[in-house]
Structure formats: C-alpha cells, structure tokens
Amino acid sequence: MVFKRLLGKLGVGGPSVDTVLHRELVLPGDTLSGDVLVRGGTMDVEITELTLDLVARVESEAGDEERQGDVRFHRVVVGGGFRLAEAEEFSVPFSFPLPWETPITEVFGQPLGFPLGVRTELAVAGAVDQGDLDRLLIRPLPVQEAVLDAFGQLGFGFRSSDLELGQIRDSGQTLPFYQEIELTPGPNHAHAMSEIEVSFLANPGGLTVVLEVDRRGGLFGGGGDAVNRFSVAHEDVGQADFTALVDSWLRQMTAGGHGGFGGGHGQHGYGGGHEGHEGHGGGGGLGIGGVVAGVAAGVVGGFVAAEIIDEIGDAFEGDDD
C-alpha cells in the first residue's frame, strides 16, 4: 500500500479522466454538454474537484516582442467531494453555456488555424492532473456569418486570424482577449485602404463589429489607422442588406467619419491604449473567387485549412487569476 501511494503521488497508477463531448461543433452562446468518464487507478483516492476549462492559444505583444501562450477563459466545476475506489469507473454529465464572445474557429467548414478546446482537471488531495485538450469547433453565429459573407461579396480576401491578449477600450468586452480577422480589401475599396481587421463581440441581443482600417494616404494626407465599431441585431439576419451595410461602414471610415452605426468610436487597447496593430499574416491576401462553392462563396473562399494541434504549451503568467 505504501508503494502504491508513492506511485500515486508520482502520477503512476492514479485515476484518469476522459471527456466526451456530445457535439464538437457549436456556436458562441450555445450549450456545451457531454460526460466526463472517471476511472480509478491502483488505489482508493479522494477526488476534491473535477473541473472543465475552456482554453485558447493567445498572442501577447510587449513592444517588439511577441509571444504565445494558453489562456483559460472559462471554468466550470462539474463534480468533486467523492471517493473513487480502485479500478472504479463512472461518468459525470455536464452542461453549461459557452461565453457569447467565444472566438470562432471555422467558417463554412474551413478552420482558422488556432487551437481552442476543453481541458479537464482532476484534483486529488491537493494535486492537480490536467487532461488532454479536447478540440472545440466554434462556428459563427448567423449574424457573424452575414457580416463575413458581406465582406466576401465586396471582394475582400482572408489574410489571417489570431487571438490578441488585451481589451478593446469602452467595448464592454468580457474575455481577456479578442479575435482579429485580417482581410485584404476588395477592388472597390483597395484605393482607400491597404487592409482591415475585424473583431466580433457578440452578446444575447446582437453583435458589435469593431473595424480597424489601415487607410491609404492621398495627395492631402488622410492616411493612418481608423477604428470604429458598429452594432447589428441577431434578428437583422434575413432582413437587412448586409453587403450594403458593410459597404456603408467602410466608406464612412475611409472618408474619416466617426460615430458608427448604432455605436460610437473605440480603439483597441491594453488598458493604457494601443494604436492599431501590425498584420500577422504577411504577404498578400488570398483571393476568394470560386474557391469554395455553394453557400461558402463569400469571404470563406480565402479561408485556408490549417492544422489544429491537440496539445498547447505553458499558460501566460497570471491567467489563473
């Protein structure tokens, strides 16, 4: 028994968990459900806590330095306070809503390339064992899809997508990071901008769309970054002309106007303020013409399949706070 306890402390012969999701493909705000399968090891143990973490790979910028790490952005306790006998097996069901601001990881079946998933933690007598990352595929809400499709109809192409650690100022953002989807301009807007970054902040009532445009300078100036945000409701899908709406947003921003459709002016910021971002994709944007057929004929044509890794590395310092 003493030897078994020693092995247990070393993680040998200890209990194990396996999380089975009912659905891997969900939308922001959806209910995520499944079962945690718990298996006893070579000795009886006291399970103090069983938790599920939503984890994403996020980029952090400090001056010229850029690094990546894992950020836990949601935690749910699904069990604990029970004794697990040697070799015992049972399942713990769970169900909880995803945050509305959960970033999207694929559009029309095309992955965006950064890992996001569910990680299970089992706490045994003060020691914590982390399981593997179970991949989650987050599809856009209909209103997010409508905005992206509108960009596609206007000829915009996809360049890159990542998650940035920080806050969008005065936006009501709830997560510790935000998603940036970088697009190259369509033919009717290429003369006025070199690129645009799109961020979505969803909520139960609708969507805030934050746009950051890198405007081209003219004979009398007028270049530089312009940042604004616009609001649309979930029920606008199927009723509003999103292509015309997005086109009007872009023309307003490149003309130097302020005060968005249903929203005010805002800037990306890490607390103290951050004036714009450099592109992470490099090179030219990917064209969209006819790459993906059917309903995916919008901006999705530029979304390039990328491998989503199963395991990601060390977390940022302080992300457990």
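FYI, it's all coordinate maths here, none of it is from the lab. Keep in mind it's a predicted model, so treat the numbers as computed, not measured. Neighbour counts are summed over all protein chains in view; Cβ atoms, including those assigned to glycine, are modelled from backbone coordinates with ideal geometry.
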Taking R0 as 30 Å, what's the FRET efficiency between V77 and L137 from their Cβ-Cβ distance, rounded to 0.05? 0.75
R0 of 30 Å, Cβ-Cβ distance R251-F96: FRET efficiency to nearest 0.05: 0.10
Compare the peptides 134-146, 185-197 by average per-residue count of other Cβ atoms within 10 angstrom and give them in order, highest first. 134-146, 185-197
